[in-house]
Every structure is written in structure tokens, then in C-alpha cells.
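Beneath this line is the structure, given in C-alpha cells, with notes to follow.
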Amino acid sequence: MPLVKSIHIHQTPPMTDRPIKNAPDCPFSKRFPSQLIRDDVFFMSLAYNEAINAWKQNEVPIGAIIECNGEVAGKGFNQVESNTDPTAHAEMLAITQASAALKDWRLTDATLYVTKEPCPMCSGASILSRFKRVVFAISDPKMGGFGGAYNVNDYPGMNHTLSIEKGVMEEECKQLIQTFFRLKRDMPN
Ligand SMILES: [Zn+2]
């Protein structure tokens with residue numbers, strides 16, 4: 001059972017006083033991995049499902065899951081447009097949710113799974129959260145904070161470093177984002 005089901009911090013409904021463009025139809029399906037094998041692919045599959053939730057709200061499809069002791073402690077998907085909030089990245093929403101659920105801002109036993117390499121804000125927040133590990137699917141050579149563009153682990157004076165794993169479900173998560181942008185481009189205005 002996930003630790004949190006009823007917490008909806010930040011997950012406010014979209015503002016209704018501005019037009020909401022329809023999302024392109026999503027040709028991808030959610031994953032239903034076996035609950036018995038709780039490995040990196042299992043939790044990344046759940047992050048992938050969160051990314052599909054983002055797509056359905058016409059948001060760039062990025063999703064995040066925070067695992068602690070084999071359970072989901074927090075989850076989130078990109079909601080920058082619907083919340084009108086530049087900080088409403090999947091990772092930030094998941095971190096807020098996990099900290100509230102675990103009643104601790106130090107997430108030292110937790111792993112963050114995210115479908116794209118965290119940006120400067122989210123990689124910084126990952127260090128502050130003191131995650132044990134961060135696992136991501138796609139590297140981001142422009143903005144990635146864990147080796148794609150730079151590595152926050154390497155900053156001098158950091159009092160916490162975390163282990164990084166990249167490339168888990170890379171192809172699936174890349175297809176999701178690339179197809180989203182392609183279909184958006186093809187949509188009539
Ligand atoms: Zn971010």
C-alpha cells in the first residue's frame with residue numbers, strides 16, 4: 001500500500017479563468033509491473049505512469065516517485081502549466097508529499113525515481129532532501145544536475161552526496177516526451 005493516498009499538496013485543480021488547450025491523444029499505456037519485484041524498473045514504471053498523468057493534463061510528460069523501504073512515499077507529475085507555478089516540477093511535488101507522509105524532511109532512506117534528469121532546482125532539492133539515491137531515465141545535457149550538464153554532487157562544500165543511476169527505462173521515457181512534442185507540433189491551433 002502506498003503511504004500516501006489522501007495528501008494533495010500543490011495538486012490544485014487547473015485554473016478555470018484561462019483557456020486550457022486539449023492534450024493530444026496519448027498513444028502510450030500505463031504499466032502494471034508485478035508488485036512482487038520492487039526493483040528500479042518497478043518504481044520507474046510507476047514514475048512513467050505519473051508522466052502519462054502529466055500528458056493527460058497537457059503538461060510535458062515527466063513523472064516522479066519516491067520510494068522508501070519498498071513503498072511509495074510520494075509521487076508527482078509536472079504541473080507547471082495547470083498550477084501556473086514554475087516550481088511545480090514532478091520531483092518537487094513528490095518531495096513535498098514524501099516529507100509530509102514520513103513526517104521528516106530528511107529522506108535519507110529514500111530513492112527518487114524520475115523520468116528525466118532533475119533540473120538545477122530539483123537536483124538541489126534532492127541534495128537538501130538527503131536522498132540515498134536518485135534514479136533517472138533520460139539524461140538532460142542542457143539542464144541536468146546529475147552529470148548531464150553539471151553535477152551538484154561535485155560542488156565543493158556539499159555536506160551530502162547521493163548515488164546516481166541513469167538510463168532505467170530510458171527508451172520508453174524518451175519516446176513519451178518526444179512523441180508528446182511531435183503531436184503538439186502537429187496539432188491545429
Ligand atoms: Zn526540476
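Observations
- Lys75 vs. criteria more than 14 Å from the ligand (Cβ to nearest atom) and without any contact (Cβ under 8 Å) to a residue 40 or more places away in the chain: no
- The one condition in (1) under 17 Å from Ser126 (Cα atoms); (2) surrounded by 19 or more Cβ atoms within 10 Å (Cβ to Cβ); (3) more than 16 Å from the ligand (Cβ to nearest atom) that Ala100 fails to fulfil: (2)
- Matching option when the condition is over 13 Å from the mean Cα position of the chain (by Cα), surrounded by 20 or more Cβ atoms within 10 Å (Cβ to Cβ), over 27 Å from Asn69 (Cβ atoms) and aromatic (Phe, Trp, Tyr), among Phe131, Phe180: Phe180
- Checked against (1) within 14 Å of the chain's Cα centre (by Cα); (2) within 12 Å of the ligand (Cβ to nearest atom), Ser139 meets all criteria but (2).
- Qualifying residue in the stretch 110-117 (condition: part of a helix (DSSP H, G or I), within 14 Å of the ligand (Cβ to nearest atom) and in contact with a strand residue (DSSP E or B) (Cβ under 9 Å, 6 or more places away or on another chain)): no
- Boolean, Met92 is in contact with a His (Cβ under 9 Å, 6 or more places away or on another chain), on the phi < 0 side of the Ramachandran plot and either surrounded by 14 or more Cβ atoms within 10 Å (Cβ to Cβ) or modelled with pLDDT of 95 or more (or both): yes
- All of Ile62, Ile52 fail the test of being more than 15 Å from the ligand (Cβ to nearest atom), at pLDDT 95 or above and under 17 Å from the mean Cα position of the chain (by Cα), apart from Ile52.
- Selection from the stretch 140-163 of residues that are under 17 Å from Met121 (Cβ atoms) and either in contact with a Gly (Cβ under 6 Å, 6 or more places away or on another chain) or buried (at least 18 other Cβ atoms within 10 Å of the Cβ) (or both): Asp140, Gly144, Gly145, Phe146, Gly147, Gly148, Val152, Asn153, Leu162
- Residues of the stretch 48-72 that are in contact (Cβ under 8 Å) with a residue 40 or more places away in the chain, in contact with a helix residue (DSSP H, G or I) (Cβ under 7 Å, 6 or more places away or on another chain) and assigned to a loop (DSSP other than H, G, I, E, B): Gln57, Val60, Pro61, Ile62.
- Enumeration of residues in the stretch 70-87 that are within 24 Å of Phe42 (Cα to Cα) and small (Gly, Ala, Ser): Gly70, Ala73, Gly74, Gly76
- The stretch 24-47 - residue that is in a loop (DSSP other than H, G, I, E, B) and of a type in the set (Gly, Ala, Ser) and, of those, nearest to the chain's Cα centre (by Cα): Ser29
The values are calculated or read from the model by the stated rules, or taken from the named source; none is laboratory data. Remember, it's a predicted structure, so these values are computed and weren't measured experimentally. Quick reminder, even Gly has a Cβ in these numbers, built from the backbone with ideal geometry, and neighbours come from all protein chains shown.
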